[in-house]
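What follows draws every value from the coordinates through simple rules; no lab data is involved. The structure displayed is predicted, hence computed values, not measured ones. Every residue, glycine as well, gets a Cβ built from its backbone with ideal geometry; the counts of neighbours run over all protein chains shown.
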Amino acid sequence: MERTAWRCPDADGFRWAEETLKRTEHKFAQVSVRSAGKIPYTARDGVHDDWSDDKHIYWWTNGFWGGIMWQLYALTGESKEQYRKNAEWTEERLDHCLMDPGAMDHDSGFRWLPTAVADYRLTGNRRSRDRGILAATNLAGRFNHAGRFIRAWNDWDQTDHRGWAIIDCMMNLPLLYWASEETGDPRFRQTAELHADTAMKSFVRGDGSVNHIVEFDIEHGGMVRSYGGQGYGEGSSWTRGQAWGLYGFTLSCLHTENAAYLDTAERIANYFIANIPENGLIPVDFRQPEDVEWEDATAAAIAACGLIELAKLRAGRQGRVYLDAALKMLRALEERSCNWNPEEDPLLEKCTAAYHDEKHEFPIIYGDYFFLEALLKLTGNETLFIW
Ligand code: GLY
């Protein structure tokens, strides 16, 4: 499906997004200089940490810094060479991971779409294209034919993960769609569609909520059980997982025009919208105990991106419902969860990696990435489509 120019049809929402995008770019113009030579995941005392060394380069979030840099480079033009330099440096550091097959997991989309593939799309760099194809080939190689799913993780913590798939993988599928478009070979797309079909059946529940982890029988196929994963518990509703599903199925629809993916994305979206609290701030799990108030700003930013895409696809009242929900969450983030001090590195500060972790509500780089992406969509400035 061709992605066409679009901007927020709500005049007030558009003005707000333009103003907020200006503030975001103003901040990153300074952060990009201070954090050159780093690949940040979080920040301490307002200063980005660095995951670029050989030990930490495998971390699944290491593509988002490059993605922020390429998006800002596309927005500001060649005047901001710092953005391009940081992005290229990140892409090269990621080769350490790409050349270590034992360390590769299913998050190739998260790592190489915002880096190598973005570089190729913007500059035509052939070496970046090669990186993207190599990453896609590795991702497709994780497909289990009996269960028709892409294996998520390798074995760690002495746990056998051969049968495990996770909802997050819906966001990695666009790497496979891109690889088929780029090579003309349908196998990548076919693999993505088979996984998406399985996810529709096994992850999405009757009420539109989704499981985080599903285990399949690796020899005969079929669902064995689900796990609570990074959410509150089995059968709960981890909000970032809902957001990955919402945006991920929307993207599968955009790449394939399969109406079943759109229907699934809308079922998840309607469930998500029905659970947005009055203040617009998203909890870590929609089913967490009532006296727990931990927020996950990343879930809000990711879901907003998916809802904006749905608003583009649906004219009329339904589209307006999606857009209003996205604006409500984004405005709440801007007012309550962002650090607008340009002297400090992180932007979104109320992010949570997992419900049962010791730490909650801290800066996480992909929160910043998706907040920026949402603003680019609303202002009609998303010329670089990462996913
Ligand atoms: N993909 C892992 C997470 O969302 O935390």
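Below, the figures for the structure above:
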| quantity | calculated |
| --- | --- |
| Rounded to the nearest 20 debye, dipole of the range 266-387 from Cβ charges on Lys, Arg, Asp, Glu | 920 |
| Computed FRET value (nearest 0.05) for Leu122 with Asn154, which takes r as the C-beta separation and R₀ as 41 Å | 0.85 |
| Binned Cα-Cα distances of the chain, short to long, each 20 Å bin given as a whole percent | 30, 63, 6 |
| Rounded if a/c under 1.5, otherwise prolate or oblate - the range 275-350, Cα gyration tensor axes | oblate |
| Solution diffusion estimate, µm²/s, Stokes-Einstein, the range 1-106, Kirkwood Rh from C-alpha pairs, 37 °C, viscosity 0.692 mPa s | 211 |
| Once the Cα gyration tensor of the range 188-340 is diagonalised, semi-axes √(5λ) in Å | 26, 21, 12 |
| Net charge dipole size for the chain [Lys, Arg +1 and Asp, Glu -1 on Cβ; Debye, nearest 20] | 1060 |
| CD proxy at 222 nm, helix term only [per DSSP H run n ≥ 4: -39500 (n - 2.57); per residue of the chain; nearest 500] | -15500 deg cm²/dmol |
| Charge sum, other residues only, whose C-beta stays under 11 Å from Ile282's C-beta, Lys/Arg counted +1 and Asp/Glu -1 | 0 |
| The range 46-174, relative contact order [Cα under 8 Å, separation at least 6], % | 22 |
| Average silhouette area of the range 192-252, convex hull of alpha-carbon atoms, in square nanometres | 4.2 |
| Nitroxide proxy distance, nm - points 7 Å out along Cα→Cβ at Trp6 and Asp197 | 2.7 |
| Neighbour cut-off at most 15 other Cβ (10 Å), DSSP loop, trypsin sites (Lys or Arg not before Pro), the range 196-283 | Arg205 |
| Full-stretch length increase - Asp95, Glu81 - with 0.36 nm per residue and alpha-carbon distance subtracted | 2.9 nm |
| Given charges at beta-carbon only (K, R positive; D, E negative), |dipole| of the range 200-359 in Debye | 780 |
| Ranked by how many other beta carbons lie within 10 Å on average, peptides 123-131, 297-305 from highest | 297-305, 123-131 |
